[in-house]
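The values are calculated or read from the model by the stated rules, or taken from the named source; none is laboratory data. A quick note: this is a predicted structure, and the numbers were derived from the prediction, not measured. Cβ coordinates were reconstructed from backbone atoms using ideal geometry, including for glycine residues, and neighbour counts include every protein chain displayed.
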C-alpha cells in the first residue's frame, strides 16, 4: 500500500487577532496565548486560515471572517517553531523561511535544494542547527542553519535496512548528549514494508559512533507524519515512543500499534516494556494526537479500510490502560493532518461534529475530566483539519 505523504502544519505567532465572541479574549493589543490553524477542505490549500485566541475553554470562533487568510502561501511540508516557520515546496525543492509579523507571514530567506522533496521529521540540535530527515531519490538528511538559511550538511545515513528496501525515518529526539533516530523500511513502491523497528543512537555533537539495534515487536517507531504526536520524555528521563504501522501495512499487516520505552541512558528499546494498544481495539490501529501529562496520551483510531468513523482514547503508558473518551466521531483528516496541544495542565484537541461546525475538547489528566471548549463555525466540514499551538511567551 502506498504511503500517503501526510503533512501537518504547526503555526505559532504573536499576531494581533480579532475577537471571537465570548472567547475570553480581552484587548486586541494583548499578546494571544493560542493559535488555531484551520484547513477547511481535505487536500486543498485554498482555505487555510490562522486565528489567535486567549482561551480554548469557551466561546465561539468563525473561520470565514476572523484571523487572516494564508491560503496558497506555504509549500507542502512545513516545520513550525515559536518564532518562525520553514516551508518546503516539493515542486521547486526550495525551503522558505517566514517570520511572524502583524497579520502576515514575512519572507525571511530561502534555501535551494536538490533531490529533496519530502520531510519526515525534524529536531533542533541547537539554535543554529536544525536536523531535517526526508527523501528525494533516496533517504536523506539535512542540517541547516535556520537563522541564515544556509546548508550545513546533506547526505544519507548508511544504516542497515532489509535487503532491497529504503530507510524511512519516523522518530528523532536529542536527549542527554545523544541523537536518537527511529526508522523502518519499505520497498520501491512503498510496499512490502519492514516488520522491524530500528533505533540508531549517535553521539552529539559529533554525530558519530552509531549504535543500531532492532526490535520486531512492532514496526515504524514514531509516525513519519510531520506534526502528529510520536513520543515524549517523562520526568525520569525515559522516552516513550508510539509506533505507527497503520500507514504502511506491507508485509507486516498484523503489527501492533504500541509504545516502546527507551530507559534513561539506554541505546535500545527496553526489552522489559511493551504496551500493546491494539489488543484493546481488536486490532484497529491508533494514531497519536497529543500528550496529556502524567504519562497519558490522547489517541484516535485509524481503521483500515477507512470507515469514516473513529474513536478517541486516553492511554496511560505507566498503567498500560486505554480508556474511551469519545465514540463514533468523524474520522480526522490525515491528508492535511490534525493534532492536539498540551499546555502543561490540559490537553486540547478538535473534533469535526458536522458541516459548518467543529468542537474543541479539553482533557485534564489529573482530574480525568473531559470538557467541551471553544466552538468552531464557518467553512468547516468532516474533511477539515485543525492545528493548535501556543506561541513563545
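Evaluate the following for residue 304: is it in contact (Cβ under 8 Å) with a residue 40 or more places away in the chain, more than 17 Å from the chain's Cα centre (by Cα) and buried (at least 17 other Cβ atoms within 10 Å of the Cβ)? Judged against the criteria, residue 304 is not a match. Taking the conditions (1) farther than 20 Å from residue 122 by Cβ; (2) at pLDDT 85 or above in turn, residue 43 satisfies each one other than (2).
A single member of 120, 173, 133 is under 18 Å from the mean Cα position of the chain (by Cα) and modelled with pLDDT of 95 or more, and it is 173. Looking across 387, 325, 369, 375, one residue alone is within 27 Å of residue 236 (Cβ to Cβ) and surrounded by 14 or more Cβ atoms within 10 Å (Cβ to Cβ). It is 325.
Listed by first and then second residue, the pairs with beta-carbon distance under 7 Å, at least 6 apart or on different chains, first residue in segment 177-202 and farther than 20 Å from residue 140 by Cβ, second at pLDDT below 75 and surrounded by fewer than 24 Cβ atoms within 10 Å (Cβ to Cβ), are 191/1; 191/250; 192/250; 192/251; 195/251; 195/252. For residue 292, the conditions (1) modelled with pLDDT under 95; (2) more than 12 Å from residue 242 (Cβ to Cβ) are fulfilled apart from (1). Taken over segment 206-246, residues that are free of Cβ contacts under 8 Å to residues at least 12 places away in the same chain and touching a strand residue (DSSP E or B) at 6+ places or on another chain (Cβ under 9 Å) amount to 2.
For residue 292, the stated conditions hold: it is in contact (Cβ under 8 Å) with a residue 60 or more places away in the chain, in a strand (DSSP E or B) and either in contact with a strand residue (DSSP E or B) (Cβ under 8 Å, 6 or more places away or on another chain) or more than 28 Å from residue 202 (Cβ to Cβ) (or both). Condition (residue is outside any strand (DSSP E or B), at pLDDT 90 or above and buried (at least 21 other Cβ atoms within 10 Å of the Cβ)) applied to segment 331-350: is it met by at least one residue? Scanning segment 331-350, I find at least one residue that is outside any strand (DSSP E or B), at pLDDT 90 or above and buried (at least 21 other Cβ atoms within 10 Å of the Cβ), so the answer is yes. Residues that are in contact with a strand residue (DSSP E or B) (Cβ under 7 Å, 6 or more places away or on another chain) and part of a loop (DSSP other than H, G, I, E, B) within segment 352-365 comprise 356, 365, listed in sequence order. When we screen 122, 133, 87, 71 for residues that are surrounded by 16 or more Cβ atoms within 10 Å (Cβ to Cβ) and free of Cβ contacts under 8 Å to residues at least 40 places away in the same chain, the only hit is 87. Output the residue which, of all residues in segment 307-321 that are farther than 20 Å from residue 39 by Cα and surrounded by 19 or more Cβ atoms within 10 Å (Cβ to Cβ), is farthest from the chain's Cα centre (by Cα). Result: 317.
Being surrounded by fewer than 17 Cβ atoms within 10 Å (Cβ to Cβ) and part of a loop (DSSP other than H, G, I, E, B) is the filter; apply it to segment 46-62 and report the residue that is modelled with the lowest pLDDT. Across segment 46-62, the extreme among qualifying residues is 46. Condition (residue is modelled with pLDDT under 95, over 26 Å from residue 74 (Cα atoms), touching a strand residue (DSSP E or B) at 6+ places or on another chain (Cβ under 9 Å) and not in a strand (DSSP E or B)) applied to segment 267-278: is it met by at least one residue? Yes, some residue in segment 267-278 is modelled with pLDDT under 95, over 26 Å from residue 74 (Cα atoms), touching a strand residue (DSSP E or B) at 6+ places or on another chain (Cβ under 9 Å) and not in a strand (DSSP E or B). From the list 65, 72, the one residue that fits, being under 30 Å from residue 363 (Cα atoms), at pLDDT below 85 and part of a loop (DSSP other than H, G, I, E, B), is 65.
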